[in-house]
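Asks: Supplied in structure tokens, the structure appears directly below.
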Amino acid sequence: MSQRVAAHCWFDPRNGEYFGNWRDGDVGDPLRKAAEKKLRAKGMIPKFAYAEPPEEAWVDRSAAIASQMLQLPKFEKYEAEKHHGGRGIRHLKWMLIELANKRVGSATKACRWLGYAQCLAVSNGLATLDECKLYNQQVEV
């Protein structure tokens with residue numbers, strides 16, 4: 001059973017469709033106010049709606065990518081070590097293990113950690129940017 005996700009959207013009563021996120025941007029932003037004025041003029045209504053989450057769970061996707069990255073031969077000689085503010089390879093390995101075992105909690109945290117881990121892998125010479133892109137594209141959840 002999938003969890004439904006809450007979203008603030010625009011609702012078109014003419015066709016019953018929801019679209020966009022009306023919470024984006026600063027409330028006082030003149031561009032947002034102008035866009036809202038145009039949408040309201042067309043009869044659009046801001047509403048709170050529920051939507052199904054995307055099919056791919058981002059925690060699962062991040063875990064699969066982290067598992068692939070841990071298979072790199074360059075990681076074999078390093079022990080995992082938690083270190084706050086860590087930028088070293090041992091901390092990177094710890095982060096990837098945490099991701100692979102899905103111990104990060106939320107999907108946003110999993111994605112943030114994966115991005116940071118891939119940045120560390122590239123900056124420490126463990127992977128290239130192209131390799132990281134391939135991991136992101138080829139993962140099957």
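Just so it is clear, none of the values below were taken in a lab; they were calculated from the coordinates. Computed from a prediction, not measured in an experiment: that's the story for all the values here. In this analysis, Cβ positions are derived from the backbone assuming ideal geometry, glycine residues included, and neighbour counts consider all displayed protein chains.
Asks: Starting from the Cα-Cα distance between E131 and E79, subtract it from 0.36 nm times their residue separation and give me the gain in nm to one decimal.
Replies: Between E131 and E79, full extension yields an extra 16.5 nm.
Asks: Cross-link partners among lysines for K74, C-alpha distance below 28 Å, same-chain residues fewer than 8 apart left out?
Replies: Excluding near neighbours in sequence, the set is K82, K93, K102, K109, K133.
Asks: Sticking with this structure for a sec: At V122 and K33, where each label point lies 7 Å from the Cα along Cα→Cβ, what is the point-to-point distance in nanometres?
Replies: 4.0 nm
Asks: Quick check on packing: order 86-92, 132-138 by the mean number of other C-beta atoms within 10 Å, highest mean leading.
Replies: 86-92, 132-138
Asks: How long are the three semi-axes of the equivalent ellipsoid for the range 58-138, computed from the Cα gyration tensor as the root of 5 times each eigenvalue, in whole Å, largest first?
Replies: Numbers: eigenvalues 56, 47, 24 Å².
Gyration-tensor ellipsoid for the range 58-138: 17, 15, 11 Å.
Asks: To the nearest 20 debye, what charge dipole does the range 58-138 have about its Cα centre, counting +1 at the Cβ of each Lys and Arg and -1 at the Cβ of each Asp and Glu?
Replies: 220 debye
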